[in-house]
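See below for the structure under consideration.
The values are calculated or read from the model by the stated rules, or taken from the named source; none is laboratory data. Given the structure is predicted, the values throughout are model-derived calculations rather than measurements. So basically every Cβ, Gly included, is an ideal-geometry build from the backbone, and we count neighbours across all protein chains shown.
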């Protein structure tokens with residue numbers, strides 16, 4: 001009736017939904033001829049299911065979730081999800097309760113002053129607890145297929161802690177992390193912004209390592225869309241990507257930060273204190289700069305290496321074929337080209353110029369062409 | 001068979017539980033949130049959970065866990081369209097491996113119908129409220145026209161109806177516009 005095409009996009013109340021929320025609030029979707037309904041969902045599982053059956057055309061999504069959903073898609077490809085755009089870099093962090101932070105400091109007074117903080121002192125705490133006959137510490141992540149799960153597991157294992165044997169790992173929804181820690185139900189968590197800062201400013205927890213220290217320029221959320229949107233309505237997908245790119249560029253600008261924080265703090269978006277939302281936006285999260293929006297296949301391969309490492313996927317999958325199917329930098333590039341000079345071409349097309357190997361906080365190099373060998377080379381692994 | 005209903009909407013959860021009790025020899029419990037100790041103690045064969053519950057992710061993760069209890073997601077592809085129906089209805093179900101699909105089907109059917117019923121009742125209520133609101137607005141607009149244009153009640157209503165037809169808008173919307181403009185002319189909120 002309005003002459004605009006309807007799109008339904010889902011999101012979870014987290015700071016990195018910003019490009020979608022801003023594209024809507026600033027009218028960028030409308031300017032692209034799209035009538036977008038932004039729907040707040042309570043769980044990642046519901047996001048996945050709604051995109052899988054087409055109730056949503058796309059959503060703010062955990063990047064590994066798109067890979068997992070496509071891996072288990074039906075024979076006709078029902079349920080397969082594409083990632084034509086990355087929503088952000090960074091934003092997640094590992095936070096422990098004040099009591100656990102104190103216990104870490106008790107075994108190593110300088111432990112929390114080093115950069116980056118490693119899990120080695122935590123391993124000592126765990127060994128002492130075991131010697132005293134105390135139960136395992138509980139750590140929470142947001143979903144099995146998430147950057148948060150792999151970040152936490154990698155970080156723990158690097159310090160000599162087996163995440164499946166030495167601690168108890170549970171899944172807790174992001175908005176409940178802080179209250180669960182406050183109640184003593186969890187001792188640590190890895191979650192996206194703003195919840196780490198909410199825990200720290202509330203005197204409930206202490207941030208140990210942020211994603212930007214764990215893996216400078218590493219991946220986080222993507223915009224996951226249905227295969228149908230990409231194949232049956234390519235013009236609308238392109239229009240949607242253009243609007244989100246413009247919003248991501250807008251969200252990176254320091255001069256727009258106050259407006260963005262106000263927008264995100266609203267109860268129908270994140271519903272958290274503006275001050276807590278602000279901190280990650282100042283120093284952590286990148287939406288557009290440095291080609292942050294490009295869905296890089298090497299990021300997808302790193303996720304698959306960690307799924308392999310922790311036994312989530314077996315040897316029968318062709319990792320490169322899967323990542324080629326899900327990660328679509330070609331769609332990003334096409335939309336960016338049709339957008340004109342808002343994108344600096346050197347940044348938008350930096351995928352070829354990126355480092356051949358990614359380096360995480362421990363200095364270990366990841367070669368995307370050897371994801372399985374990388375997974376098998378860790379001291380602690382399941383696969 | 002034991003069924004656990006997790007739904008932050010307690011009224012709806014009660015409706016689902018009530019519906020299930022009539023179906024089969026079932027033991028039904030309901031809870032607003034997922035509580036691990038409670039689930040372990042009750043050991044349900046089926047967990048029916050509202051899609052809007054944030055605890056879905058916790059439940060979803062149990063199928064990944066090697067040491068957790070055997071709850072797997074109900075995405076039986078032998079029942080075409082069922083998973084989609086459930087997603088549309090806003091219900092997710094997790095069943096213990098090995099349970100006969102037809103038994104799950106009947107549970108899910110009850111849950112979906114109760115969810116739809118709740119939604120319809122809430123929709124009716126919202127509509128009734130909106131209708132009442134609209135009627136009040138029309139009454140106030142009529143009063144304004146009677147005062148400002150010296151019309152009788154019937155004439156005021158006919159004028160409103162004509163404005164609505166000319167603009168292709170509901171009469172309530174035209175009445176609301178009229179009141180808003182009257183407010184601006186008087187200097188309110190300008």
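Run residue B:187 past the list (1) touching a helix residue (DSSP H, G or I) at 6+ places or on another chain (Cβ under 8 Å); (2) more than 30 Å from residue B:11 (Cα to Cα) and report the number of the one that doesn't hold.
Condition (1) is where residue B:187 drops out.
Hey, which of the helices (runs of 4 or more DSSP H) in the stretch A:24-74, taking only ones fully inside, have at least 3 residues that are in contact with a helix residue (DSSP H, G or I) (Cβ under 8 Å, 6 or more places away or on another chain), away from chain B (no Cβ under 14 Å) and on the phi < 0 side of the Ramachandran plot? Spell out the reasoning first.
Values: elements: A:28-31, A:44-52, A:63-71.
It comes to A:28-31, A:63-71.
How many residues are out of contact with any helix residue (DSSP H, G or I) (no Cβ under 8 Å at 6 or more places or on another chain), within 11 Å of chain B (Cβ to nearest Cβ) and part of a helix (DSSP H, G or I) when one looks only at the stretch A:159-179?
Here the count works out to 1.
Kindly provide the set of residues from the stretch A:3-23 that are away from every other protein chain (no Cβ under 14 Å) and surrounded by fewer than 22 Cβ atoms within 10 Å (Cβ to Cβ), ordered by number.
Within the stretch A:3-23, A:3, A:4, A:5, A:6 meet the criteria.
Within the stretch A:127-158, how many residues turn out to be within 14 Å of chain B (Cβ to nearest Cβ) and part of a strand (DSSP E or B)?
Final tally of qualifying residues: 4.
Select from the stretch B:112-166 the residues that are surrounded by 13 or more Cβ atoms within 10 Å (Cβ to Cβ) and closer than 30 Å to residue B:88 by Cβ and list them in ascending order.
B:112, B:113, B:114, B:115, B:116, B:117, B:118, B:119, B:121, B:122, B:134
Of the residues that sit in the stretch B:85-108 and are surrounded by fewer than 16 Cβ atoms within 10 Å (Cβ to Cβ) and assigned to a helix (DSSP H, G or I), which one is modelled with the highest pLDDT?
B:85
Return yes when residue A:79 is assigned to a loop (DSSP other than H, G, I, E, B), touching a helix residue (DSSP H, G or I) at 6+ places or on another chain (Cβ under 6 Å) and assigned by TED's automatic domain parsing to the domain that holds residue A:246 and no when it is not.
Details: assigned to a loop (DSSP other than H, G, I, E, B): yes; touching a helix residue (DSSP H, G or I) at 6+ places or on another chain (Cβ under 6 Å): yes; assigned by TED's automatic domain parsing to the domain that holds residue A:246: yes.
In short, yes.
Before we move on, is residue A:290 surrounded by fewer than 18 Cβ atoms within 10 Å (Cβ to Cβ), outside the structural domain of residue A:118 (by TED's automatic domain parsing), touching a helix residue (DSSP H, G or I) at 6+ places or on another chain (Cβ under 9 Å) and closer than 18 Å to residue A:89 by Cβ?
On the way: surrounded by fewer than 18 Cβ atoms within 10 Å (Cβ to Cβ): yes; outside the structural domain of residue A:118 (by TED's automatic domain parsing): yes; touching a helix residue (DSSP H, G or I) at 6+ places or on another chain (Cβ under 9 Å): yes; closer than 18 Å to residue A:89 by Cβ: yes.
Yes.
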